[in-house]
Amino acid sequence: MSTDPPPATAPGGAPPPLALRGVCKRYGSVTALDDVRLDIAEGEIVGLLGHNGAGKTTLMSLVAGLLRPDAGEIEVLGVSTAREPRRARLRLGLAPQELGVYPPLTVEQNLRFFAELAGLRRREADRRIEEAAEPLGLAGLLERRVGGLSGGEQRRVHTAMALLHRPRLLLLDEPTAGVDVETRARLIAYVRELAAAGTAVCYSTHYLGEVEDLQASVAVLDHGRLVARGTLTDLVRDHGDGAVELTFSGTPPPLRVPWPVTRTDDVVRVHAREPHLAAPEVLAALGDSLPRLVNLRVLRPSLETVFLALTGERAGTTASGPQSGGGSGGGGADPKPPAGRAVEAGRHG
């Protein structure tokens with residue numbers, strides 16, 4: 001499937017909210033992004049997928065102007081992030097993985113501080129704070145110190161900061177990492193509302209089920225390269241072969257079956273269009289190795305099988321999404337920029 005981007009302008013001639021052209025980024029000898037070409041249209045949510053180190057966080061940081069590409073061009077609503085970085089930044093909102101909140105301040109003080117940074121006057125800031133607080137469940141928390149909130153509540157404050165100036169492009173880097181079920185549901189619902197109102201959203205996640213809940217299109221990064229781009233339906237059709245996945249104790253045995261077989265460590269995958277029908281024959285082929293089988297999964301064509309086919313790895317979790325919890329754990333492990341840049345990225349809402 002082609003990963004070439006669509007034309008750089010919308011039907012009416014306006015530039016897309018985000019356009020990347022041949023973007024490359026290296027950290028020493030490590031190539032984090034290699035010739036990435038990606039457009040995001042007005043009102044579109046793109047689920048940015050990839051294993052740890054695939055380049056997701058690096059891409060977000062480049063678009064937000066926290067890093068500079070080694071090659072290529074990035075435009076936000078037609079504004080070059082290299083030639084006019086400040087003008088480009090004012091058109092986007094970023095909620096990075098690292099929480100960028102100030103624990104000693106109240107929720108309202110945090111939001112007002114970032115509203116002032118965005119140039120909003122007091123009356124306008126009041127209105128925007130109210131608009132962002134209600135759908136994210138912060139209205140009853142405005143007077144509480146952020147340091148006393150749960151991890152999920154802090155994540156909501158962190159996200160609200162990125163929305164106060166109504167950006168036309170929103171970058172969310174693993175916004176539900178380590179949060180509770182309620183926070184996840186609120187964030188998903190609000191992102192869909194924003195997209196319905198015309199905001200373009202780049203949503204990085206390890207939770208494949210979120211992409212389906214968001215009704216997002218998909219972009220898959222693998223070792224810094226964009227290996228697939230399209231709708232969920234198209235990607236499942238083109239790449240989503242089913243599989244019988246077998247996990248063994250010790251080295252997997254050889255298998256004689258009429259379907260392609262791939263192996264990683266203690267896991268064998270037998271790739272079949274109708275894996276539920278292939279499973280009995282696969283089990284029969286194990287012979288004396290059957291007692292060493294510790295798990296069997298039938299994987300029907302889905303976003304998970306697309307991810308497996310394109311990257312050879314599972315996503316961080318299954319399509320069931322994140323588990324309940326109050327922490328603010330991080331997911332990404334892109335090659336790290338210098339320490340000062342990492343701190344800077346964490347403080348921009």
- Item | Verdict on A82 being crowded, with 20+ Cβ neighbours inside 10 Å, farther than 24 Å from E193 by Cβ and without any contact (Cβ under 8 Å) to a residue 24 or more places away in the chain | no
- Taking the range 215-231 as the region of interest, how many residues are outside any loop (DSSP other than H, G, I, E, B) and surrounded by 20 or more Cβ atoms within 10 Å (Cβ to Cβ)? 7
- Leading residue by the ranking (surrounded by the most Cβ atoms within 10 Å (Cβ to Cβ)) among those in the range 46-61 that are out of contact with any helix residue (DSSP H, G or I) (no Cβ under 6 Å at 6 or more places or on another chain) and polar (S, T, N, Q): T57
- Message: So, in the range 139-182, how many residues would count as being under 19 Å from the mean Cα position of the chain (by Cα) and free of Cβ contacts under 8 Å to residues at least 40 places away in the same chain?
- Response: 1
- Message: Being at pLDDT 95 or above, of a type outside the set (S, T, N, Q), assigned to a strand (DSSP E or B) and surrounded by fewer than 24 Cβ atoms within 10 Å (Cβ to Cβ) is the requirement here; does G43 meet it?
- Response: no
- Item | Selected residue (only one of T305, T317, T311 is at pLDDT below 90, touching a Phe, Trp or Tyr at 6+ places or on another chain (Cβ under 6 Å) and outside the structural domain of Y207 (by TED's automatic domain parsing)) | T317
- Restricted to the range 1-40, and to residues that are in a loop (DSSP other than H, G, I, E, B) and under 18 Å from V227 (Cα atoms), which residue is modelled with the highest pLDDT? T3
- Please go through the range 232-247 and pick out each residue that is under 23 Å from T264 (Cα atoms) and either free of Cβ contacts under 8 Å to residues at least 24 places away in the same chain or not in a helix (DSSP H, G or I) (or both). G240, D241, G242, A243, V244, E245, L246, T247
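Evaluate the range 112-129: report whether one residue or more is farther than 28 Å from L77 by Cα and either crowded, with 17+ Cβ neighbours inside 10 Å or not assigned by TED's automatic domain parsing to the domain that holds L214 (or both).
no
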- Got a number for residues in the range 117-138 being outside any helix (DSSP H, G or I), hydrophobic (A, V, I, L, M, F, W, C) and under 27 Å from the mean Cα position of the chain (by Cα)? 3
- Task: Determine if the range 62-70 includes at least one residue that is in a helix (DSSP H, G or I), surrounded by 23 or more Cβ atoms within 10 Å (Cβ to Cβ), in the same structural domain as Y190 (by TED's automatic domain parsing) and modelled with pLDDT of 95 or more.
- Result: yes
- Message: Return the residues of the range 164-214 that are within 20 Å of D234 (Cβ to Cβ) and surrounded by fewer than 19 Cβ atoms within 10 Å (Cβ to Cβ); say none if nothing qualifies.
- Response: E212, D213
- Message: Here's a check for you: in the range 256-282, which residue that is among the aliphatic types (A, V, I, L, M) and assigned to a strand (DSSP E or B) is nearest to P301 (Cα to Cα)?
- Response: V270
- State yes or no: is E98 in contact (Cβ under 8 Å) with a residue 12 or more places away in the chain, of a type in the set (D, E, K, R) and either crowded, with 19+ Cβ neighbours inside 10 Å or within 20 Å of L172 (Cβ to Cβ) (or both)? yes
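The values are calculated or read from the model by the stated rules, or taken from the named source; none is laboratory data. This structure is a prediction, so every number in the text was calculated from the model and none was measured. So basically every Cβ, Gly included, is an ideal-geometry build from the backbone, and we count neighbours across all protein chains shown.
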